[in-house]
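The structure under discussion appears below in the form of structure tokens.
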Amino acid sequence: MFSISRRQFLTVSAAGILSSGLAIPSLPVFAADKVKPKAGVQLYSVRGICKGDKVPEIFKSLKEMGYVGVEFAGYYGKNATELKKLLNDTGLEACGTHIGYGAIQPNEIAKTIDFNAEIGNKYLVVPGGVGGDEKAWLNHAEVFSKAAETAKKAGMYVGYHNHQHEFKDKFPDSGKCAWDVFFSNTSPDVFMQMDIGHCVAAGEDPLVWLKKFPHRLRTVHAKEVYGKGYDGVLGSYPEGGKHVDWDAVFPALESDGLEWYIVESEENPNILNSVKGCVDFLKKKGRA
């Protein structure tokens, strides 16, 4: 087990910055012409080594591997101007940021938008910190919908990132899982940042959810399923465990309007090798 959770990491890292049918009309506005998705990496992957004066070096390494963008999970104590310079200096784009639920609340969303506008990021993603009973998820859907409406005016998008509990937690009254309740009741402008590995690990088929909620993608997390022998590299399957059928998943994602594949490889002693292995796999499959 790691010494710091994603939720703890986000809370600590983001706090300082944020304080300073043809039923075409029902489809989200962002469902546009199909474009080839780009390859990015979630910086939570390299959190153990991407620190202090090592940050520019790690960013350059990621660029050299073939990544086009990075998704933030904290800001290294830097302000927006400093982050923008870092991106410019290393030739990387901001392909998203993972933020706390509080950052999209009515009293914080304007600051969140201003900060991300300066760094050139338009994908605002909440990766958890959301839960409760079915009524609570309906309330969350309302908050996200209002935030998405505000962000849309600034050319940005609000999304939600799953782990496994959103599929495993089913409510007795409706029999629906949290993911179903949430996306059935949000504005179409709230996008799904599906974590493919977590979805499959929860016993779900990503293609089923893409069919149920079409044209709700902008970015996804390309990640393998944990298990014995897990090394964090896409296409490397654990012994006797579940694995992602990428040959089926890739075309389904792209036909839905995907813009970014964002690699997330959980930290291990050879994390840079794992992260490089992931982009190499995407290249091999013609996705990077």
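Table for the structure above
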quantity: Of residues in segment 143-169 being among the charged types (D, E, K, R) and touching a helix residue (DSSP H, G or I) at 6+ places or on another chain (Cβ under 8 Å), the one farthest from residue 94 (Cα to Cα); calculated: 169
quantity: Tally, over segment 175-190, of residues that are under 16 Å from residue 124 (Cα atoms) and buried (at least 21 other Cβ atoms within 10 Å of the Cβ); calculated: 2
quantity: Checklist (1) acidic (Asp, Glu); (2) under 25 Å from residue 177 (Cα atoms); (3) surrounded by fewer than 15 Cβ atoms within 10 Å (Cβ to Cβ) applied to residue 247, failing item; calculated: (2)
quantity: Leading residue by the ranking (nearest to residue 45 (Cα to Cα)) among those in segment 72-112 that are of a type in the set (Val, Ile, Thr) and within 17 Å of the chain's Cα centre (by Cα); calculated: 97
quantity: Scan of segment 191-226 for residues that are surrounded by 23 or more Cβ atoms within 10 Å (Cβ to Cβ), in a loop (DSSP other than H, G, I, E, B) and touching a Gly at 6+ places or on another chain (Cβ under 8 Å), ordered by number; calculated: 218, 223, 224
quantity: Single condition residue 263 does not satisfy, out of (1) at pLDDT 95 or above; (2) more than 15 Å from residue 41 (Cα to Cα); calculated: (2)
quantity: 1 or more residues at pLDDT 95 or above and within 29 Å of residue 206 (Cβ to Cβ): qualifying helices (runs of 4 or more DSSP H) within segment 71-164; calculated: 109-119, 134-153
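The values are calculated or read from the model by the stated rules, or taken from the named source; none is laboratory data. These figures come from a predicted structure and were not determined experimentally. We place every Cβ from the backbone using ideal geometry, glycine too, and count neighbours over all the protein chains shown.
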